[in-house]
Amino acid sequence: QVQLAESGGGLVQPGGSLRLSCAASGSIFSIYAMGWYRQAPGKQRELVARITSGGIINYADSVKGRFTISRDNAKNTVYLQMNSLKPEDTAVYYCNSRNYAQVDYWGKGTQVTVSS
C-alpha cells in the first residue's frame, strides 16, 4: 500500500502560479511512477504530468511549457509547478502513484481554481 498526501491547491488569478506537493509513504520501494491527474466538473479525469523512477517525464499537451513536474527522492515527494495558469486549468488535482504491478494509488485531491 502507498499513501499519498497532497498540498498546495488554492485560488489564483489567471497568469498566476501555484506549486502542488505530494508526499508518498508506505510501500514506496514499489513505486514505478508518480504523477498528477486532474478532473474538472463534468469531465473525465486526465493525466497532467508523470515522472517514472527512471526519470522519464510526460506532460499533457495542454500544459507543456507551463507546468513542471519534479521529485525529491530524499523526501519521497513529487511537485507540480504550475505557471501561467488559465481558467481552464481549474480542476481537482489528484496525486497518483503506480507500482510495478500496475496498481494505482490516489490521493484525496486538492482543488485548484483559476479565476479573477
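Brief remarks on what is shown
- Among the residues of region 82-116, those that are outside any strand (DSSP E or B) and crowded, with 21+ Cβ neighbours inside 10 Å comprise Leu85, Asp89, Gly107.
- Residues that are assigned to a loop (DSSP other than H, G, I, E, B) and surrounded by 14 or more Cβ atoms within 10 Å (Cβ to Cβ), drawn from region 3-15: Gly8, Gly9
- Candidate set from region 70-81 (those that are open to solvent by 20 Å² or more (accessible area, probe 1.4 Å) and either touching a His at 6+ places or on another chain (Cβ under 9 Å) or touching a residue at least 40 places away in the same chain (Cβ under 8 Å) (or both)); member that is nearest to Ser27 (Cα to Cα): Asn76
- Candidate set from region 82-116 (those that are under 15 Å from Phe29 (Cα atoms) and hydrophobic (A, V, I, L, M, F, W, C)); member that is modelled with the lowest pLDDT: Ala101
- Residue list for region 60-69, filter: open to solvent by less than 30 Å² (accessible area, probe 1.4 Å) and either at pLDDT below 95 or part of a strand (DSSP E or B) (or both): Phe67, Ile69
The values are calculated or read from the model by the stated rules, or taken from the named source; none is laboratory data. What you see is a predicted model, and the numbers here were worked out from it, not measured in a lab. FYI the Cβ positions are ideal-geometry reconstructions off the backbone, even for glycines, and counts take in every protein chain you see. Side chains are part of the model used for accessible areas, which takes the heavy atoms of the whole protein and leaves out ligands, DNA and RNA. Shrake-Rupley method; radii C 1.70, N 1.55, O 1.52, S 1.80 Å.
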